[in-house]
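Working notes, structure below.
Laboratory data are not the source of any read-out in this text; all were calculated from the coordinates shown. Quantities reported herein were computed from a predicted structural model and do not represent experimental measurements. Because the Cβ atoms are built from the backbone with ideal geometry, glycine has one as well, and the counts that use them run over all protein chains shown.
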Ligand SMILES: [Zn+2]
Ligand SMILES: [Zn+2]
């Protein structure tokens, strides 16, 4: 049961539009910044009718039309964050659509998401799972775009007017945001920090769920680096893309770090009992063949790369077994 009513007021000029659940394939939270002559959005949500209707009716309650949209900032180019942009741009002509320069290839050509999702790696490692078509069409010849469509959260393409990088600033109504590049979950993921308002728009890196990560998106090491960056910030509120507003920022950052580091520890523990292949390891950490395929494969690969670079594990090239360094 939903006990909230959209739009949710955070400040008099900042509202949140929340989906019924924080989990895929539901939409990401949409944040709406208001000033006298228009609104700006941080993410726009899924391109499903339900999600677009939720956005339009919340804007209507606030007294705005989609024509009033001045700026759209995208945390990253994933369908639950930017799928609705095609629908919005058919009605609105914002002065700018902004995302990180490293997300540009995926926004321009969503078919390229297979690379940041590391789907070729999942297919290569497929012998680790059952080898047949799995839930959601996962398996050989997996079609990521069709997967998004099947779950009602299609990806679309957009040509942003402006790209940003770490250290840039973005002004949205009365908010002065510093751009933080926070990879791990996607190569050009950004989080926005306003030191005066003491808020962080975290995107997917903090929230009700720990986002999956892939080597091509920055991996476990990149994700941890992103969390370390946010840990240094003075803030009262974290506004995540999935789930409720967070008031204890230190605790949230620590909890997310712990969950990621816990996997490192668990892999080391599993290897203490003897060398193991990737196939053996993935079955220990991920239950179903579908999850083993994605996101299990890129998550495990991310940790193995991290542990190898730290000199804690090695792979025997003849047996393909991974073993601990003593
Ligand atoms: Zn995402
Ligand atoms: Zn997301």
TODO: Sticking with the crude label model, points 7 Å out along Cα→Cβ, report the distance from residue 157 to residue 12 in nm, one decimal please.
DONE: 4.5 nm
Open item on the list: Run the numbers for residue 4 and residue 165: contour at 0.36 nm per residue of separation, minus the present Cα-Cα distance, in nm.
Closed with: 54.5 nm
Open item on the list: Give me Rg/Rg_expected for the range 202-296, where Rg uses Cα atoms only and Rg_expected = 2.2 N^0.38 Å with N residues.
Closed with: 1.22
- [ ] Treat the count of other C-beta atoms within 10 Å as a stand-in for reagent exposure and order 324, 122 from fewest to most.
- [x] 324, 122
Task: Cα-Cα pairs of the range 1-121 separated by more than 25 Å (percent) - done: 22 percent
- [ ] Output the relative contact order of the chain, whole-number percent, from Cα pairs under 8 angstrom with separation of 6+ residues.
- [x] 14 percent
Open item on the list: Given bins 5 angstrom wide, list per bin the percent of all Cα-Cα distances in the range 264-324, short to long.
Closed with: 4, 20, 32, 26, 15, 4, 0
Open item on the list: Quick check: convex hull of the Cα atoms in the range 32-79, volume per residue, rounded to a whole Å³?
Closed with: 66 Å³
Task: the range 91-171: translational diffusion in µm²/s, Stokes-Einstein, Kirkwood Rh over Cα pairs, 4 °C, 1.567 mPa s - done: 87 µm²/s
TODO: Please determine, in degrees from 0 to 90 and to the nearest 10, the orientation of helix 249-272 with respect to the longest principal axis defined by the Cα atoms of the chain, where the helix direction is its Cα long axis.
DONE: 20 degrees
- [ ] Give me Rg over Rh for the chain, both radii from the alpha carbons and Rh done the Kirkwood way, two decimal places.
- [x] 0.99
- [ ] Compute the long axis of helix 297-309 from its Cα atoms, compare it with the longest principal axis of the Cα atoms of the chain, and write down the angle in degrees, 0 to 90, nearest 10.
- [x] 70 degrees
